[in-house]
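Student: Structure incoming, see below.
Since every read-out is calculated from the coordinates, none of them should be taken as a lab result. None of these values were measured; they are calculated from a predicted model. Using ideal geometry, Cβ is built from the backbone for each residue, glycine included, and neighbour counts are taken over all protein chains shown.
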Amino acid sequence: MLRRLFVKDLILNGKVFLGLLWLFVWVGYAARDLNGAGMATVIGGIAATLVTVTLGAREERFHAAAVSFSLPVTRRDIVRHRYLAGHLVGIAAFLLTCTLLAVVPWSKPTLAQVFDPKTMMFALVAVSLTIAVGMPFVLRFGVMGLFVGLGSLQILGLLTFVLGLAVGRTVGLRPVLRACERIIITTHENLGSGGFAVELLLAVALFTWASYGLSVWLIERRDL
Amino acid sequence: MTSVLELRGVGKRYDGFALDDVSFALPAGVIMGLIGPNGAGKSTIVRLILNLASRDSGDLRVFGLDAARDEVAIKTRIGFVHEVPVFYPHLTVAGLGAMAAPFYPKWDRSRFEQLLKAFDLPPRRRFGRLSRGMRTKLAIALALSHHAELLVLDEPTSGLDPVFRRELIERLMQYVADEGAAVLLSTHLTADLERAADCITFVQNGRLVFASTRDEVMDRWALIKGPLELLDAGLRAWLKGVEAGPLGFVGVSDDVAAARRRFAGQPVVIERPTLEDIICYTRPPC
């Protein structure tokens, strides 16, 4: 069933995926000026993931959801496919960017920088979190909803900052972030790099699983 | 006869509209017309069958399976046409076929190609460049190309020219004869059904008015025309629907025998109604 959904998305959105090629052209062009590979490769993964996450919203835009949902496939399968496809496309884009940076003769980052295990871990976490946060939002509010949500967070941050200036006290999140940082550093020190990586992956997997459950819940309650 | 589709006390509530306690059964090899005015609940019934909306009450079985729980097994055997067939505008006619084919184990590519030819649909034409009628034809071609045992067609004839409407009805009758399939044809163009439908299910304001064979409906219902002097409160209450004009009244009754007895010896004309007469005269007052 998932294979059929992959084929369907490829047929319907082939040009959208082809559009991602521009990203790799940019990476190839910018390789001479990059100080490190991390940012380019991770952004590559996230961009490709976002494209996959928004495919459902594209169906809404063309009012094609009724036809898609009338095909012999459950809504749970559709959501499962989107999560899986998001991970596959995101990781593939990340690896492609790494490969590009490794083979382009004028590339500035070294091989060790390109294939750095920490960057790989960061990319995997970034791809998973992009899907886990973005998918329920897109399913419930569409792509505009996702951008409105991100924009609202920006405005909320700005308002908090202005309010802090007005009352003469900072109400920033710095203490909270510091506490989180301390927890992460302590955990890292206690578990070592391997243990920390396993714990991080487990946490991300748990978050993704919760997000998947929410997405299924949202889509199964939707009347067309 | 085994029922391909069976609704028992099905209900669905929206803001400002409720489908309430709808029950009917569609046997194999039968074309059923689902009729009613706009907003009666026809499309809601279709959406519930295809599990595009969740029912609030009742039991809905297709091929003996629960429409919500066993939707993949059911939808594999259903061909559907939506009221407004919309899809990605950049996708070609052939591309849409290629997209749908993997989902249906019995997909018949040669039949799909034959239907495209018969319907004058250019395979390389983009969906966005098809007229409303051509989009409907494409949806019909898709529905008929995987040997579906049940066709669920929501207003498939609206937007089609009379020649193709006639051709479509003939194709459906042929399909039922060849495949032994059942057809649920939701429409407000009742003339099509008077030729093709074996059964008629009439819904109004979300409620079932009747579900019966076409012959029973036509034999049982009566169109009654008479002078205004006869139209008292008792007669208004007895008729299922009535309209009064300067020249007299026209109404319908669902008991032609009782109508003949009631109006014996009176200056009243009793005729066989069309389905359109039944829909028009039974509509609730504005």
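Student: Give me the number: length gained by fully extending residue A:141 to residue A:1, i.e. 0.36 nm times residue separation minus the C-alpha to C-alpha distance, one decimal in nm. Walk me through the intermediate numbers first.
Tutor: Working: separation 140, 0.36 × 140 = 50.40 nm, distance 2.63 nm.
Extra length from residue A:141 to residue A:1 when fully extended: 47.8 nm.
Student: Can you compute the label reach from residue A:84? Point 7 Å from Cα along the Cβ direction, backbone N cut-off under 11 Å, restricted to the range B:102-134.
Tutor: No residues fall inside that zone.
Student: Sketch the reach of a paramagnetic label on residue A:15 as a point 7 Å from Cα along Cα-to-Cβ, and name the residues of the range B:84-108 whose backbone nitrogen lies under 20 Å away.
Tutor: Those under the cut-off are B:86-100.
Student: Ordered by residue, what ³J(HN,Hα) values in Hz, to whole numbers, does the range B:243-252 give under the Karplus form 6.51 cos²θ - 1.76 cosθ + 1.60, where θ = phi - 60° and Gly and Pro are x?
Tutor: Each residue's phi maps through the Karplus curve to give 10, 10, x, x, 8, x, 10, 10, x, 10 Hz.
Student: How much space per residue, in cubic angstrom, does the convex hull of the C-alpha atoms of the range B:221-282 take up?
Tutor: Details: hull volume 4.6 nm³, N = 62.
So the per-residue hull volume is 74 Å³.
Student: Enumerate the calculated ³J(HN,Hα) couplings along the range B:184-194 in order (Karplus 6.51 cos²θ - 1.76 cosθ + 1.60, θ = phi - 60°), each rounded to whole Hz, writing x wherever the residue is Gly or Pro.
Tutor: Listing the rounded values in order: 10, 10, 8, 7, 10, 8, 6, 4, 4, 6, 5 Hz.
Student: Let me ask something else about it. Count neighbours as other Cβ atoms within 10 Å of each site's Cβ, and list the chymotrypsin sites (Phe, Trp or Tyr not before Pro) in the range A:82-180 that are DSSP loop with at most 10 such neighbours. Could the numbers behind the result be given before it?
Tutor: Details: sites: A:83, A:94, A:106, A:115, A:122, A:137, A:141, A:147, A:161; in loops: A:106, A:115.
Answer by residue number: A:106.
Student: Given A:104, A:117, A:28, which one lies farthest toward the positive end of the charge dipole of chain A, if we put +1 on the Cβ of every Lys and Arg and -1 on the Cβ of every Asp and Glu?
Tutor: Comparing the listed Cα positions along the dipole, A:28 ranks first.
Student: Another question, if that's okay. Excluding residue B:78 itself, calculate the net charge of residues whose Cβ lies under 10 Å from the Cβ of residue B:78, where each Lys or Arg counts +1 and each Asp or Glu counts -1. Show your work: numbers first, answer last.
Tutor: Numbers: positive: B:75, B:77; negative: B:71, B:149.
Surrounding charge for residue B:78 is 0.
Student: Can you compute 3J(HN,Hα) from phi for each residue in the range B:68-80, using the Karplus curve 6.51 cos²θ - 1.76 cosθ + 1.60 with θ = phi - 60°, rounded to whole Hz and x for Gly and Pro?
Tutor: Each residue of the range B:68-80 in turn: 8, 6, 10, 5, 5, 4, 6, 5, 4, 9, 10, x, 10 Hz.
Student: Quick one: what does P(r) look like for the range A:19-147 with 10 Å bins over all Cα pairs, in whole %?
Tutor: Per 10 Å bin, starting at 0, the Cα pair percentages come out as 13, 38, 28, 15, 5, 0.
Student: Enter the mean number of other protein chain beta carbons within 10 Å of the beta carbon of each residue in A:13-20, as an integer. Walk me through the numbers on the way to the answer.
Tutor: Numbers: counts 2, 3, 1, 0, 0, 0, 0, 0.
Average per residue, whole number: 1.
Student: Sticking with this one: Sequence gap at least 6, Cα distance under 8 Å: using those rules, report the relative contact order of the range B:3-217 to the nearest whole percent. Provide the component values of the computation, followed by the final result.
Tutor: Values: 417 pairs, mean separation 66.5, N = 215.
Relative contact order of the range B:3-217: 31 percent.
Student: With all pairs of different alpha carbon atoms counted, what Kirkwood hydrodynamic radius in Å does chain A show? Could you put the intermediate results ahead of the total?
Tutor: Values: mean 1/r = 0.0508 Å⁻¹.
The Cα-based Kirkwood calculation yields 19.7 Å.
Student: Which far-off residues, 5 or more places away or on another chain, put their amide H under 5 Å from the one on residue B:92, with H placed in the peptide plane?
Tutor: The list, which skips near neighbours in sequence, is B:127.
Student: Okay, next question. Say R0 is 60 Å: what FRET efficiency, to the nearest 0.05, do residue A:102 and residue B:219 get from their beta-carbon distance?
Tutor: On the way: r = 82 Å, r/R0 = 1.36.
Once rounded, the FRET efficiency stands at 0.15.
Student: Then there's this: Return P(r) of the range B:1-141 (all Cα-Cα pairs; 5 Å bins starting at 0; whole %; ordered from short to long distances).
Tutor: For the range B:1-141, the pair-distance distribution reads 2, 9, 16, 18, 17, 15, 13, 8, 2, 0.
Student: Let me ask another. At R0 = 35 Å, how high is the FRET efficiency between residue A:183 and residue A:154 if r is their beta carbon distance? Nearest 0.05 is fine.
Tutor: Details: r = 26 Å, r/R0 = 0.74.
With a Förster radius of 35 Å, E is 0.85.
Student: I would also like to ask the following. Given A:8/B:106; B:75/B:106; A:15/A:118; A:8/B:42, which pairs have Cα atoms separated by over 24 Å?
Tutor: Details: A:8/B:106 18 Å; B:75/B:106 12 Å; A:15/A:118 32 Å; A:8/B:42 30 Å.
Those over the limit are A:15/A:118; A:8/B:42.
Student: Roughly how crowded by other chains is peptide B:82-88, in terms of the mean Cβ count from those chains within 10 Å of each of its Cβ atoms?
Tutor: Working: counts 4, 1, 2, 3, 6, 8, 11.
Mean partner shielding for this stretch: 5.
Student: Now, a different point. Quick one: if you stick a label point 7 Å off each Cα along the C-beta vector at residue A:223 and residue A:95, how many nm between them?
Tutor: So the two model labels end up 4.5 nm from each other.
Student: Just the Kirkwood number for the protein assembly as shown, please: inverse of mean 1/r across all distinct Cα pairs, in Å, one decimal.
Tutor: Values: mean 1/r = 0.0369 Å⁻¹.
Computed over Cα pairs of the protein assembly as shown, the Kirkwood hydrodynamic radius comes out at 27.1 Å.
Student: Where does chain B land at 222 nm, in deg cm²/dmol rounded to the nearest 500, when only DSSP H runs of n ≥ 4 count, each adding -39500 (n - 2.57), divided by all residues?
Tutor: Numbers: 11 runs with 96 residues, N = 286.
When only DSSP H runs of four or more count, the value is -9500 deg cm²/dmol.
Student: Name the most mobile residue of B:184, B:208, B:150, meaning the one with the largest mean-square fluctuation, in a Gaussian network model of chain B with Cα contacts below 10 Å.
Tutor: Among B:184, B:208, B:150, the largest GNM mean-square fluctuation belongs to B:208.
Student: Also, quick follow-up: Give me the percent of Cα-Cα pairs in chain B that sit more than 36 Å apart, rounded to a whole number.
Tutor: On the way: 9062 of 40755 pairs.
That fraction is 22 percent.
Student: In debye to the nearest 20, how big a dipole does the protein assembly as shown give about its Cα centre with +1 on each Lys and Arg Cβ and -1 on each Asp and Glu Cβ? Intermediate values should be presented prior to the final figure.
Tutor: On the way: 56 positive and 46 negative charges, 292 e Å.
The calculated dipole for the protein assembly as shown is roughly 1400 debye.
Student: Quick one: divide the alpha-carbon radius of gyration of the range B:161-285 by 2.2 N^0.38 Å and tell me what you get.
Tutor: On the way: Rg = 16.9 Å, N = 125, 2.2 N^0.38 = 13.8 Å.
That ratio works out to 1.23.
Student: What are the membrane-span-like helices in chain A by this rule: whole DSSP H runs, Cα extent along the axis at least 24 Å, mean Kyte-Doolittle hydropathy at least 1.0? If you can, show how the numbers build up before the last one.
Tutor: Working: long enough: A:75-103 (41 Å, 0.88); A:117-167 (44 Å, 1.80); A:174-220 (43 Å, 0.79).
The qualifying helices are A:117-167.
Student: OK, next. What ranking, highest mean first, results for peptides B:209-221, A:179-191 when packing means the other Cβ atoms within 10 Å averaged over each residue? It would help to have the intermediate numbers written out before the result.
Tutor: Numbers: B:209-221: 16.9, A:179-191: 11.2.
Averaged packing, sorted descending, gives the order B:209-221, A:179-191.
Student: With a sphere of radius 12 Å drawn around the Cβ of residue A:217, what net charge do the other residues whose Cβ falls strictly inside it have (Lys, Arg +1; Asp, Glu -1)? Before the final figure, lay out the partial values.
Tutor: Working: positive: A:75, A:76, A:140, A:221, A:222; negative: A:220.
Local net charge: +4.
Student: Run lengths n ≥ 4 of DSSP H only: what is the helix-derived mean residue ellipticity at 222 nm for chain A, with -39500 (n - 2.57) per run over all residues, to the nearest 500?
Tutor: Only helices count here, giving -29000 deg cm²/dmol.
Student: For residue B:69 and residue B:21, what is the calculated FRET efficiency with R₀ set at 22 Å and r taken between the beta-carbons, to the nearest 0.05? All intermediate terms of the calculation are to be shown ahead of the outcome.
Tutor: Numbers: r = 21 Å, r/R0 = 0.98.
So the FRET efficiency works out to roughly 0.55.
Student: Let me ask you something else. Please give the peptides B:262-269, B:224-231, B:273-280 ranked by average Cβ packing (other Cβ atoms within 10 Å per residue), highest first, as a rough proxy for protection.
Tutor: On the way: B:262-269: 12.0, B:224-231: 15.4, B:273-280: 19.6.
Highest mean packing first, the order is B:273-280, B:224-231, B:262-269.
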